[in-house]
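The values are calculated or read from the model by the stated rules, or taken from the named source; none is laboratory data. All of these numbers come straight from a predicted model, not from anything done at the bench. Neighbour counts run over all protein chains shown; Cβ positions are idealised from the backbone, glycine included. Keep in mind that these areas ignore ligands, DNA and RNA; they rest on the heavy atoms of the full protein, side chains included. Shrake-Rupley method; radii C 1.70, N 1.55, O 1.52, S 1.80 Å.
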Amino acid sequence: MKRQRQRQTDQLSALPDKALECILSNLVSDEATRTSALSRRWRRVCAAIPVIDLADPKKGNRDTSSDKPIPVCFNQKWILTALYSGTEEIDVKLRYWHDSERRLCPFGPSKKASGDFDKEQSDGYVKTHQRLFRCGTLRRLRLTNWMLNLPQGVVASSLETLCLARIVDPNGMLPQLLSNCPRLADLTLQEWPSIKQISVESAHLRSFSMICCHHANRVKLHSSCVRSLHYKGGLPSLSLFEVENYEVVALTIEICEDLSKRESPEVAPVTALISRCTKLTYLRLSLRPSMAYHCGLFADAVRRLPIRQLDLQGSLRNDHAVRSVAVLLRDTKNLEVLSLFPRDTKTQEKRPFCLSDDESDTERKDGGDDRVHHKSRLTNSLHQMYIRCLDRKLKRINIVQYKGLQLERILARFLLSRGNTLEKFSVTSAIDGSQQKDQIAVDGNQQKDQIAWEDQVAWEDQTARELRSWRTNRHTRVTVN
């Protein structure tokens, strides 16, 4: 009976292994390791934690504010054990207590923003074990915050997925590694300052991502199977990418720098890359300073493409940004799914709009006190546009981090009022209600948090009522989460 009661009350052990691994990964390694003494099951969970501390608790201090150097100890025997056991996947992200892990991007908001490692930090990175690239069973390898160290005659013939992020490569060994991966199908290179020119010889490559490798000036992909391409960085040169054929169906482009300081010819390499992908069905654009900036150039690029899904990320800081979205939609005639990701901006009103208790949906529909200025030049110019996909094709629209600001509401009303074929219109609130509800249980000021939670629920309900009142298709399902 006692054992049954213990099992019933042990709710922590009832969680799945993945959840326990996530919980333990937030502890320092020596504290997490102590849980392995609880039971055989916990021993297995502890061994699967993907986070390892490099600060020696016997010799070093974990206080990152300390100016004293922290001794680093890292035993790679467990990697050897995994390799000898015939593992097919290794994913290791190292965390250094002396490393700020700032994003390696020269276009950040800080004056100290840079695309290069700090000298004193990168020198302390741990070298990759040479046997790691001689394992004949390893298919998927993901490494973050390492120093690349390859053996002579490296053989990585079994690798199919390779993701390398924040890698220090003082000897320029990346070309040697890529030339020895004939089965590589998925390659991701992220925040790698030393990359300038690379050539991927694998004929099986299907997906390639290059994220914040700001010194790269030439990438050649020899595979005719490339279907997914992801680029994040500054404006590329016209000759940055060379693909065997441009049968890419999924393309993601994230431009880190401000395009308002760039002329149209400087943006042409991006639009040229889009227009070359004649079989493109998915496009994601993340632009600054606003959503769909340089919309005329991008509209020309997508006009003849069979795009069915479009993601747009950027700020809606002025009327021009809203019109730019509409202009881009006008030339995506086959669009079926639209996702918008508005960024925070200081130029819009900061307070979300909420309906009063006595304001009905009918009053808003009949021209009541709706704080969106329907007779403004912006709304007039929007309603003068004919957007074919809204009238005939578009089925789903999703707006993430919706705050109910004026320009967001103008755009939402326009889309709903024109969406004749729209099946679902979903909005994700800028405040995660589930997280706020969980916070109430742990915060000392429960009364204040409860009021905030109730206000959030009321805002979601009022927003849903407002959005439903703007539908031209009464069968469109509106959700606010």
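General remarks:
- Overall form of segment 130-192 per C-alpha gyration tensor (a/c, 1.5; a/b vs b/c): oblate
- FRET efficiency, T428 to V155 (Cβ-Cβ, R0 56 Å, nearest 0.05): 0.75
- Label positions at R303 and R95, each projected 7 Å from the Cα along the C-beta direction, are separated by 5.1 nm.
- Taken about its Cα centre, segment 274-334 carries a charge dipole of roughly 200 debye when the Cβ of each Lys and Arg holds +1 and the Cβ of each Asp and Glu holds -1.
- Shape of segment 258-326, Cα gyration tensor, a/c cut at 1.5: oblate
- Distance between the pseudo-spin-label points of A113 and Q11 (7 Å out from Cα toward the beta carbon): 4.4 nm.
- Potential lengthening of the chain between R139 and C225 amounts to 29.1 nm, from the contour at 0.36 nm per residue minus the alpha-carbon distance.
- Net length gained if the chain between E242 and N217 were fully extended (0.36 nm per residue, minus Cα distance): 7.9 nm
- Chain lengthening between D344 and R102 when straightened (0.36 nm per residue, less Cα-Cα): 85.1 nm
- For segment 99-129, the set of trypsin sites (Lys or Arg not before Pro) satisfying both a DSSP loop assignment and a count of at most 12 other C-beta atoms within 10 Å is given as K111, K112.
- Label separation (N171 vs N420): 6.6 nm, computed from points 7 Å beyond Cα along the C-beta direction.
- Alpha-carbon centroids, segment 179-203 and segment 239-275: separation in whole Å: 19
- For segment 109-157, the carbon plus sulfur part of the accessible surface works out to 45%, probe radius 1.4 Å.
- Using a Förster distance of 51 Å, the FRET efficiency for E31-A268 (Cβ separation, nearest 0.05): 0.40
- Overall shape of segment 174-224 was characterised from the C-alpha gyration tensor. The equivalent ellipsoid obtained from it has semi-axes of 18, 11, 9 Å, in decreasing order.
- For segment 224-311, a simple Cβ point-charge model (Lys and Arg +1, Asp and Glu -1, everything else neutral) yields a dipole of about 280 debye relative to the Cα centre.
- Selection of GluC sites (Glu not before Pro), segment 77-134, meeting DSSP coil and at most 14 other Cβ within 10 Å: E88, E101
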